[in-house]
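The values are calculated or read from the model by the stated rules, or taken from the named source; none is laboratory data. Given the structure is predicted, the values throughout are model-derived calculations rather than measurements. Cβ coordinates were reconstructed from backbone atoms using ideal geometry, including for glycine residues, and neighbour counts include every protein chain displayed. Ligands, DNA and RNA are excluded from the accessible area calculation, which covers all protein heavy atoms including side chains. Shrake-Rupley method; radii C 1.70, N 1.55, O 1.52, S 1.80 Å.
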Amino acid sequence: MSGVVSPEFALASPAREPDLRARIGGQVRPPREVVVMRALPGLGDFLCATPALRALRAALPRARITLLGLAGARELVARYPHLVDDLLEFPGFPGLPETPADVRALPDFLRAVQGRFDLALQMHGDGLVSNIFVQLLGARASAGFYAPPQPCPDPATFVLYPGDFAEPRILLALLAALGIEARGERLEFPLAPDDAHQCDALLQAAGLSPDAAFAIVHPGAAEPHRRVDPGVLAQVADGLVTRGLAVVLTGAADEADLAAAVRRHAERDLVDLVGRTGLGSLGALVERARLVVAGDTGVSHLASALCTPSVVVFRSTAPGRWAPLDRERHRVVDGRAVAATAAAILAEADAALFLAGVDRA
């Protein structure tokens, strides 16, 4: 995206490209065309991959890096020209649920890409089905994960899937096995000047000044079992207001009913921006916020990428896998066995604000 301010990342010392020949089929030169398969639907799925993409770019600065992803990721990918050069739309494949598989169109897709790539990286889960698709791409070499009892496609380039790692570290583990050094574990979300302008306009229209002290409460999630009870979030919102923070509700347009339920239960006035933010203005809003409260959803990963203190409530997924790595600035409430209470969430909110040195007012 034009005008996006790229975060700093460690390419100042252009290290020699790693000698991957022994690992990727004896190629005589470093890969120049690389495709990364990660056709997962969530914003967090992409953000968790940014440390690996950063490491890959640093290791192969002359390579063209293509993300094999879902069509809906195009706007997101456009924010990362420093990490990704292009998006190749995933056509679907039997056994992968992320998008319907058009088996009639699949042969034409494969014919168009076979032989195009020097290296195909499978960063789409444990490889049970995705390894089949990656090998059908016909790259000169491929690498990725596998999990027994499925066979290892190539012991030189495929590694056991470390499912007990945090998601960013899973992807970095693959690159480490290929001799590619990590360039930090932080997530990235570049912001453009227009994002801040749109955020200002939204806040002013809602009666808040751009420098107002506010917290974001995000009631939605793509999967209903990840959502926090609206009545609990209403109590959290009331508690945040008593702590001197305005509360802004965010979410997609189809989550308006969830936001309305939070407002009905709340005793304080809340600012409802559900359905009114785009990707960039939501990022800018998260960056401005003093605190984010959400379930395990994309907004929680945005808070991690933008260093905004947060409380993430887990109702089904594993915190060890999906929680931010910084557990001081980003606090976790594990509600898998016992439902999360407002008191527990507010206690973690106080800890996040205190440890991050955030001035509420």
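Computed on protein heavy atoms with a 1.4 Å probe, the accessible areas place 161, 80 in the order 161, 80, largest first. Since only 163, 214, 192 are under comparison, the one whose Cα sits farthest along the positive direction of the charge dipole of the chain, derived from C-beta charges on Lys, Arg, Asp and Glu, is 163. Taking 0.36 nm per residue of separation and subtracting the Cα-Cα distance, full extension of the segment from residue 99 to residue 62 would add 10.2 nm. Label zone (residue 222, point 7 Å along Cα-to-C-beta; backbone nitrogen cut-off 20 Å) within the range 182-216: 187-190. Extension gain, residue 307-residue 334: 0.36 nm per intervening residue step, less the Cα-Cα distance, totals 7.6 nm. Once the gyration tensor of the Cα atoms in the range 156-268 is diagonalised, the equivalent ellipsoid follows with semi-axes of 37, 20, 13 Å, ordered largest first.
Within the range 62-110, the proportion of Cα pairs with more than 18 Å between them is 38 percent. With percent of Cα pairs over 39 Å apart defined as stated, name the option among [x] 46; [y] 19; [z] 33 computed from the structure displayed. Recomputing percent of Cα pairs over 39 Å apart here picks out [y].
Summed over the residues of the range 90-207 and divided among them, the accessible surface reaches 45 Å² per residue at a probe radius of 1.4 Å.
Counting every alpha-carbon pair across the range 103-198, the share separated by more than 23 Å comes to 39%. Computed extension length for residue 112-residue 201: 27.6 nm, one decimal, from 0.36 nm per residue of separation with the Cα-Cα distance subtracted.
With K and R counted +1 and D and E -1, the other residues having a Cβ less than 12 Å from that of residue 331 yield a net charge of -3. When the alpha-carbon atoms of the range 222-361 are used, the pair Rg, Dmax equals 13.6, 35 angstrom.
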